[in-house]
C-alpha cells in the first residue's frame, strides 16, 4: 500500500529539471507533495514543467542558480511565496569539470565547488529557518562515491562531495534539537552527466560487464529512497549515508578506526611507527577502486 504522509509537504529539489532530480520530483508529486524544481537550464526546466503539467497546482519551476547566496534565497523565497513554507530540501544540483590535477584550472575548480559544495550550504542556510519555524524538516544531500574513495581526474568534484558528506554529519548534529533530519545519498543511476564519461574509460575502470550494468540503472530507482528519507517513516534517521543503485542499497559508516595501538613508551617514535606499518600493511587504505 502506498504511503500518504508526504501529501501536502513542500519539497525543494535543486537540479530538478532532469535525471535524478526530475525523477524524484515526479515520484513525490505522485505521493501528493508540493514540489519546487530549481535549475539553471531554462529549456530542460520548461520540458520538465510541461511533462509534469498534470501536477501544475503543486509544482513550481524556478530558473535560478544555487551557486550564489542570492540565487539560493530566491529559490526559497519563491517556494514560500507559492506554498507558504518549506518542509524538505533535496540538494541535487551538481556540475562536473573533470581534469587531472596539474591541468585543472582555477575556473574549473571554483565552478564545481561553487555549485556542488557552496550551493547546498547556501540552500540549507536559506531553508532551515523555515523548518525551525515549522518544528522540523528534512534535508537530503546527494553526494558521490568519489567523495569517499577519491577518483582520478576529479579533484574538484571529489572535494565538493566529500565536503558535503562532512556537512551532512555536522548539520545532523547541529539541527537535531530542532527536529531536522539530515542524510546523504550516493545515487548510482545513468544520467546525462554519466554520458560524459568516455565509454573506454568506464570499461577500463569497472570492466565491460559492470559498465553495462551501470548503464541499466535508472534515476527512477533512486526516488523511493529520497521519498523514504523525507517521510515520517524515517523519523529518527539522521546523519546517515546511503548508497542506492539499481537493486542495491547499503549504509555507510564513518569515524570508525580500522586499527588502534599504543606505543611502548609515553609516545610513538618514527621507528616504532615504521615497524608497525611494515608488519601490518593491510591496515592501510587501499588505492582507488570503484564501489559502483
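A few notes on this one:
- Helices (runs of 4 or more DSSP H) contained in region 97-182 and holding at least 2 residues surrounded by fewer than 16 Cβ atoms within 10 Å (Cβ to Cβ), touching a helix residue (DSSP H, G or I) at 6+ places or on another chain (Cβ under 8 Å) and modelled with pLDDT of 95 or more: 119-134
For every residue, the table says whether it meets (1) in contact (Cβ under 8 Å) with a residue 12 or more places away in the chain; (2) surrounded by fewer than 19 Cβ atoms within 10 Å (Cβ to Cβ); (3) part of a loop (DSSP other than H, G, I, E, B); (4) in contact with a strand residue (DSSP E or B) (Cβ under 6 Å, 6 or more places away or on another chain).
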position	(1), (2), (3), (4)
7	yes, yes, yes, no
11	yes, no, no, yes
28	yes, no, no, yes
36	yes, no, no, yes
43	no, yes, no, no
61	yes, no, no, yes
65	yes, no, yes, no
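- Considering only residues in region 223-245 that are within 17 Å of the chain's Cα centre (by Cα) and assigned to a loop (DSSP other than H, G, I, E, B), the one that is nearest to residue 285 (Cα to Cα) turns out to be 240.
- Of the residues making up region 246-288, those that are at pLDDT below 85, within 26 Å of the chain's Cα centre (by Cα) and surrounded by 10 or more Cβ atoms within 10 Å (Cβ to Cβ) are 254, 288.
- Among (1) closer than 25 Å to residue 184 by Cβ; (2) in a helix (DSSP H, G or I); (3) out of contact with any strand residue (DSSP E or B) (no Cβ under 6 Å at 6 or more places or on another chain) - the single one residue 79 does not satisfy: (3)
The values are calculated or read from the model by the stated rules, or taken from the named source; none is laboratory data. Note that this is a predicted model, so its numbers are computed, not measured. Virtual Cβ from ideal backbone geometry, glycine too; neighbours counted across all protein chains shown.
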